[in-house]
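Input: a single structure, listed below in structure tokens.
The values are calculated or read from the model by the stated rules, or taken from the named source; none is laboratory data. Computed from a prediction, not measured in an experiment: that's the story for all the values here. Every residue, glycine among them, receives a Cβ derived from its backbone with ideal geometry; neighbour counts consider all protein chains shown. Side chains are part of the model used for accessible areas, which takes the heavy atoms of the whole protein and leaves out ligands, DNA and RNA. Shrake-Rupley method; radii C 1.70, N 1.55, O 1.52, S 1.80 Å.
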Amino acid sequence: MAVDELIDLKFRLADGSDIGPSKYNASATVTSLKEKIIAQWPKDKENGPKSINDIKLINAGRILENNRTLAESRIPLSEVPGGVITMLVVVRPPLPDKHSGHMFDVRGSTLITLTSMIRTKKEK
């Protein structure tokens, strides 16, 4: 496989929509793919990634490592020659705010107070 080979990729988001397909150089790193996903993230979608650390890319059941190239991360046996490779994009949900004890629900912008959840468990 030539390093300057172009590979067709599309990125499947959790709601089933896609970013792409687009052609990427086989020497592109997973980090650069994540940067492109952040730049192309649909503006109308909630809970989008803020940094590359918020994203995991999965190809054929394997989580791709940031420092590896696309060529190193490929699984040739699972690919159809000349076809588009679909990678799953998993976005890490927002973490609770350490200072306020609040957390945002992944399904929307519902605010959950952790202390009220604890009180409810103690009451039962």
Using the crude model of +1 on Lys and Arg Cβ and -1 on Asp and Glu Cβ, and no other charge, please compute the dipole size for region 1-60 relative to its Cα centre, in debye to 20. 120
So the carbon and sulfur contribution to the accessible area of region 1-69, 1.4 Å probe, in percent, is 49
Filter the cross-link list LYS23/LYS43; LYS10/LYS50; LYS10/LYS56; LYS34/LYS56; LYS23/LYS56 down to pairs whose alpha-carbon distance in this structure exceeds 18 Å. LYS23/LYS43; LYS10/LYS50; LYS23/LYS56
Semi-axes of region 1-65's equivalent ellipsoid from the Cα gyration tensor, sqrt of 5 times each eigenvalue, largest first, rounded to whole Å? 21, 13, 12
